[in-house]
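Here is the structure we will look at, set down as structure tokens.
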Amino acid sequence: MQIKLKNALCLIDDVISSRDIYIKGTEASCEPMGEEVLCEFDNCIFSPGFLDVHVHLREPGFSMKERIATGTAAAAKGGYTDVCSMPNLNPVPDSPQNLKMQTDIIEKDAVIGVHPYGAITKCEAGTELADMEGMADKICAFSDDGRGVQDDEMMLKAMLKAKSLGRIIAAHCEDNSLLFGGYINSGAYQRAHGHRGISNESEYKQIERDLKLVRETGCDYHVCHISTKESVELIRKAKAEGLPVSCETGPHYLVLCDDDLQEDARFKMNPPLRAREDMEALRQGIIDGTIDMIATDHAPHTLEEKSLGLEKSPMGITGIETAFAIMYTELVEKGIITIEKLLELMVINPRKRFGIKAKEGSFSVLSTNRKYTIDPNSFISMGKSTPFAGKEVKGECLMTVYNRRLVWQSNMIER
């Protein structure tokens with residue numbers, strides 16, 4: 001028996017069109033594959049699957065927070081068929097030997113495609129280059145995510161090496177000298193509640209430095225999780241100049257700001273939720289193409305860790321199971337962007353920029369009909385901390401198929 005997606009919005013070979021799609025088992029076709037239809041769905045999206053270029057799967061080293069098995073199963077539930085795993089692990093993937101510890105787990109436990117980053121510097125310490133050459137053909141890009149490369153000369157060396165290897169530098173931009181122990185955005189909430197703030201300057205000043213180095217080296221450069229209006233403007237000008245630059249932002253930065261803060265660690269992440277004017281600048285950045293892609297920065301922690309409040313809990317939230325629903329509900333349904341633009345941001349642009357094609361026999365089916373309330377207790381991810389807990393949304397992944405294997409199916413589909 002087969003499932004029919006009636007007049008679905010289809011993304012095939014980067015072309016978006018509307019057509020009927022028939023799914024039988026894990027095969028999809030534009031033509032019926034038999035006579036009997038088990039169930040029929042309207043208002044669906046058929047896609048090669050989202051690519052998230054910024055995910056923390058926590059293995060090896062921090063399996064109490066997340067495992068590759070749980071993180072990739074959560075991604076499949078969110079409609080992702082590929083993710084890029086960040087390198088702040090133990091051991092840090094700064095050599096082929098250390099990287100293999102991660103890829104061995106990926107080969108054994110991952111249910112979708114996982115494309116690891118290699119570290120820029122040894123142990124992400126910022127003092128000596130990692131074995132970039134030894135890892136170049138095994139990684140999606142280089143990053144010291146979780147911390148910025150503080151030394152200008154070290155970043156210059158890294159960019160020159162990455163340029164020679166034909167790889168992207170994906171930079172976590174944060175100037176430690178401007179942090180002053182801050183942990184939420186510098187603003188009215190921070191001042192009113194006696195917290196220590198993180199300034200916009202700590203982010204955009206390092207982007208400004210890196211763009212100077214890009215002009216000098218010609219390195220392909222990607223900025224992780226931008227959050228400030230100044231960052232948007234710097235990248236807009238760099239693109240107008242013709243520099244090989246791209247960037248991402250996260251769903252939470254596009255729909256929340258520091259007006260939404262509560263005394264709860266589910267609102268604590270790095271970079272922090274910024275001012276409303278920063279959120280508006282980020283929205284304009286996705287509309288005009290300055291911001292290339294949406295990445296979740298899925299960063300799970302244990303319940304115990306996230307129970308310590310804004311000051312003492314670690315930075316990071318869970319996001320990969322809710323990203324599509326949040327973006328569809330808050331941006332598409334409200335007319336800020338089109339569904340076609342959302343597919344560009346979550347499928348087309350990240351795959352083009354990072355050179356990650358969808359594996360043959362891989363796709364996801366998403367329904368835009370069903371309303372439901374986000375419940376962290378229903379997450380597959382081991383991380384349950386989200387600022388969107390209790391929010392009513394529309395948009396659910398019905399099915400994810402990876403490499404002709406069914407890796408997620410909603411209970412909306414009769415079995």
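Is the C-alpha gyration tensor of segment 252-306 telling us rounded, prolate or oblate? Criteria: a/c under 1.5 is rounded; beyond that, a/b larger than b/c is prolate, otherwise oblate.
Working: a/c = 4.00, a/b = 1.66, b/c = 2.41.
Verdict is oblate for segment 252-306.
The mean sequence separation of alpha-carbon pairs under 8 Å and at least six residues apart, normalised by the residue count of segment 181-231, gives a relative contact order of 30 percent. Any chance you could give the angle, 0 to 90 degrees and rounded to 10, that helix 68-77 forms with the longest Cα principal axis of the chain? Roughly 50 degrees, rounded to the nearest 10. In loop segments of segment 18-105 as defined by DSSP, the GluC sites (Glu not before Pro) with at most 16 further C-beta atoms inside 10 Å of their C-beta are GLU35, GLU36.
Remark: relative contact order (the chain) = 17 percent; criterion is Cα-Cα distance under 8 angstrom and separation of 6 or more residues.
Secondary structure note: in segment 4-114, about 50% of the DSSP beta bridges are antiparallel. The DSSP beta bridges internal to the chain are antiparallel in roughly 50% of cases. Helical content alone sets the calculated 222 nm signal of the chain at -7500 deg cm²/dmol, taking -39,500 (n - 2.57) per DSSP H segment of four or more residues and averaging over every residue. Segment 283-380 gives an Rg/Rh value of 1.01, both radii derived from C-alpha positions and Rh following Kirkwood. Over the chain, the alpha carbon radius of gyration divided by the compact-protein estimate 2.2 N^0.38 Å works out to 0.95.
At a Förster radius of 35 Å, what calculated FRET efficiency corresponds to the Cβ-Cβ distance of THR373 and LYS212, to the nearest 0.05?
Numbers: r = 47 Å, r/R0 = 1.34.
With a Förster radius of 35 Å, E is 0.15.
Here the scattering of segment 124-241 is modelled by Debye summation over its C-alpha atoms, one equal scatterer each and no solvent; at q = 0.10, 0.18 Å⁻¹ the log10 of I(q)/I(0) is -0.33, -0.92.
Tally up the carbon and sulfur contribution to the accessible surface of the chain as a whole percent, 1.4 Å probe, everything protein left in place. Mind dumping the intermediate values first?
Values: 7520 of 16060 Å².
Answer for the chain is 47 percent, counting heavy atoms of protein chains only.
Once C-alpha pairs closer than 8 Å and six or more residues apart are averaged by separation and normalised to the residue number of segment 321-415, the relative contact order reads 30 percent. What the chain shows is 39 Å² of accessible area per residue, with the surface traced by a 1.4 Å probe over protein heavy atoms. Applying 1/(1 + (r/R0)^6) with R0 = 51 Å to the Cβ-Cβ distance of ASP152 and SER17 gives a FRET efficiency near 0.60. Estimated from the Cβ-Cβ distance and a Förster radius of 45 angstrom, the FRET efficiency linking ASP259 and ILE413 is about 0.70.
Take the eigenvalues of the Cα gyration tensor for segment 1-89, scale each by 5, and report the square roots as semi-axes in whole Å, largest first. Mind dumping the intermediate values first?
On the way: eigenvalues 227, 43, 16 Å².
After diagonalising the Cα gyration tensor, the semi-axes are 34, 15, 9 Å.
Under 21 Å of direct C-alpha separation, and excluding same-chain neighbours fewer than eight residues apart, LYS212 reaches these lysines: LYS157, LYS161, LYS163, LYS229, LYS237, LYS239.
Stokes-Einstein at 4 °C, 1.567 mPa s, Kirkwood radius from Cα pairs: D for segment 228-359 in µm² s⁻¹? Don't jump to the answer; show the numbers that get you there.
On the way: Rh = 15.7 Å.
Here the translational diffusion coefficient equals 82 µm²/s.
Bridgeable lysines around LYS371 (alpha carbons under 24 Å apart, same-chain partners fewer than 8 residues away excluded): LYS4, LYS6, LYS77, LYS334, LYS341, LYS384, LYS391, LYS394. For segment 152-240, which trypsin sites (Lys or Arg not before Pro) pass both filters: DSSP loop (anything but H, G, I, E, B) and at most 12 other C-beta atoms within 10 Å? Listed in order of number, the matching sites amount to none. Peptides 140-146, 290-296 ranked from most to least packed give 290-296, 140-146, packing being the mean of other C-beta atoms within 10 angstrom over each peptide's residues. On a 0 to 90° scale, report how tilted helix 96-109 is relative to the longest principal axis of the chain, with both axes built from alpha carbons and the result rounded to the nearest 10. Taking Cα atoms only, the helix is inclined about 20 degrees.
The values are calculated or read from the model by the stated rules, or taken from the named source; none is laboratory data. Just so it is clear, the model here is predicted, and its values are computed rather than measured. No Cβ is skipped: glycine too gets one built from the backbone with ideal geometry, and neighbour counts run over all protein chains shown. SASA here: full protein model, heavy atoms, side chains in, ligands and nucleic acids out. Shrake-Rupley method; radii C 1.70, N 1.55, O 1.52, S 1.80 Å.
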